[in-house]
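The values are calculated or read from the model by the stated rules, or taken from the named source; none is laboratory data. These numbers come from a predicted model, not from an experiment. As a convention, Cβ positions derive from the backbone with ideal geometry for all residues, glycine included, and neighbour counts pool all protein chains shown.
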Amino acid sequence: MMTVNLLISRLISVSMFLAGNLRKSLLALTIVSGLLALFFAQRGVDTPPPTTIEATETTINTTTTTIYVAPIRYIVQRGDTLFRIAETNRLDMRVLMEMNGITDPDRVEAGQELIFPPANGFIPVAPSTTMKP
């Protein structure tokens, strides 16, 4: 019957043998695949025909038309607050304050006229970007 030490030493020697052979096999496989890659890369390589580039002239229309939409005017009613006015009209209160020169949002008076930004502001209408054939 084999002793444990003898069994362990035989397993180690077998694993070292296999590891050495595995390294040699991987090295051989790498060399062969590299040579095959070089062989097939050189095979059948034709020089591509020269490419001819023709100059074409392109004209771009850069004019842009804008449509002006007048700002909306609102007269502050008794009991109105700037926050409620902005919320009701779906406006940013900071933009509303800036447009009307208001520094304190708590100081709006009944009868005061506020200018709202137009719904779409300035709308650029650009020419078509579709290229002609």
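With the requirement that a residue be assigned to a loop (DSSP other than H, G, I, E, B) and more than 31 Å from the chain's Cα centre (by Cα), what does region 79-95 give you?
Hits for region 79-95 are GLY79, ASP80, THR81, ASN89.
For VAL45, are the conditions met, namely being modelled with pLDDT under 75, assigned to a loop (DSSP other than H, G, I, E, B) and surrounded by 10 or more Cβ atoms within 10 Å (Cβ to Cβ)?
Taking the combined requirement at face value, the residue does not satisfy it.
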